[in-house]
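Worksheet: one structure, shown below.
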Amino acid sequence: MPIRLADEDLDPGIRGLLEDYRARLGPHGWKVHVEKVGDSLSFQFDNPLSGTSSGMQFERSRPLAQIKQQLEDGIQEDPEFARTQLAVAPPRQRRLIGALRYSATWYGWPNKVFEEVIEVLFHFHSISKAEWEWMKAVGPQAWPERIERDVRKHQRNERRRRKSKPD
């Protein structure tokens, strides 16, 4: 079971990495903390504006430079980190935004549909202007290519299943 660690309980090098990632990703809605998982540590990245969370686990005994490189590689491989940085995050960061973006991606909404949905939500004051502008700039969820392939395959299978199902 993962145990969230207080910043002051971290090795100074790990704490420095944590502070760097918070400073870099925090303005884009990302919350970063470290957990202990058995004998390993894990950096956890969560953003309410995103429909997913991300974690990167490493052995405590690894050199700090290798840990930093592993974190950088993980962030570079996950396009959601770059996507969420396309615009200034809205001041209010609700999970509704992440859920909407996730749903738009999962169900394969065309961009036009996504834009129309957020337009209606804005018009009826369900989302703020800042949230609307941010979603307009950022768009639906961005997934790594391997997950994107699996989602598209699932969507095709669902469409085939619905078509073959008698009414």
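The values are calculated or read from the model by the stated rules, or taken from the named source; none is laboratory data. It should be emphasised that the depicted structure is a prediction, and the values quoted were computed from it without experimental measurement. When we count neighbours, we look across all protein chains shown, and the Cβ atoms used for this are built from the backbone with ideal geometry, even at glycine. Please note that ligands, DNA and RNA were not included when accessible areas were found on the heavy atoms of the full protein model with its side chains. Shrake-Rupley method; radii C 1.70, N 1.55, O 1.52, S 1.80 Å.
State whether the residues of the stretch 6-15 include one that is assigned to a helix (DSSP H, G or I), surrounded by 14 or more Cβ atoms within 10 Å (Cβ to Cβ) and modelled with pLDDT under 95.
No.
Screening the stretch 52-112 for helices (runs of 4 or more DSSP H) wholly inside it with 1 or more residues that are of a type in the set (Val, Ile, Thr) and modelled with pLDDT of 90 or more returns the ranges 64-77, 95-106. Contact map, the stretch 42-65: first residue surrounded by 15 or more Cβ atoms within 10 Å (Cβ to Cβ), second residue of a type in the set (Lys, Arg) and part of a strand (DSSP E or B), Cβ cut-off under 6 Å, separation 6 or more or different chains; pairs are Asp46/Lys31.
Within the stretch 16-51, which residues are hydroxyl-bearing (Ser, Thr, Tyr) and assigned to a loop (DSSP other than H, G, I, E, B)?
Of all residues in the stretch 16-51, those hydroxyl-bearing (Ser, Thr, Tyr) come to 21, 40, 42, 50.
Ser50 - this is the single residue of the stretch 16-51 that is hydroxyl-bearing (Ser, Thr, Tyr) and assigned to a loop (DSSP other than H, G, I, E, B).
Total residues in the stretch 76-109 satisfying the condition of being of a type in the set (Gly, Ala, Ser) and within 10 Å of the chain's Cα centre (by Cα): the figure is 2.
Considering the stretch 16-32, and only residues there that are over 12 Å from Thr84 (Cβ atoms) and crowded, with 17+ Cβ neighbours inside 10 Å, the residue that is nearest to the chain's Cα centre (by Cα) turns out to be Val32.
Of all the numbered requirements in (1) on the phi > 0 side of the Ramachandran plot; (2) open to solvent by less than 10 Å² (accessible area, probe 1.4 Å); (3) not β-branched (Val, Ile, Thr), Gly38 misses one, and that requirement is (2). Comparison of Ile118, Ile127 shows that the only residue that is among the hydrophobic types (A, V, I, L, M, F, W, C), farther than 25 Å from His33 by Cβ, free of Cβ contacts under 8 Å to residues at least 40 places away in the same chain and part of a helix (DSSP H, G or I) is Ile118. Just so you know, in the stretch 79-98 the residues that are touching a Phe, Trp or Tyr at 6+ places or on another chain (Cβ under 9 Å) and surrounded by 19 or more Cβ atoms within 10 Å (Cβ to Cβ) include one that is farthest from Ala23 (Cα to Cα), and it is Ile97.
Exactly one residue out of Val120, Val138 is surrounded by 12 or more Cβ atoms within 10 Å (Cβ to Cβ) and either more than 25 Å from Ile3 (Cβ to Cβ) or out of contact with any strand residue (DSSP E or B) (no Cβ under 6 Å at 6 or more places or on another chain) (or both): that is Val138.
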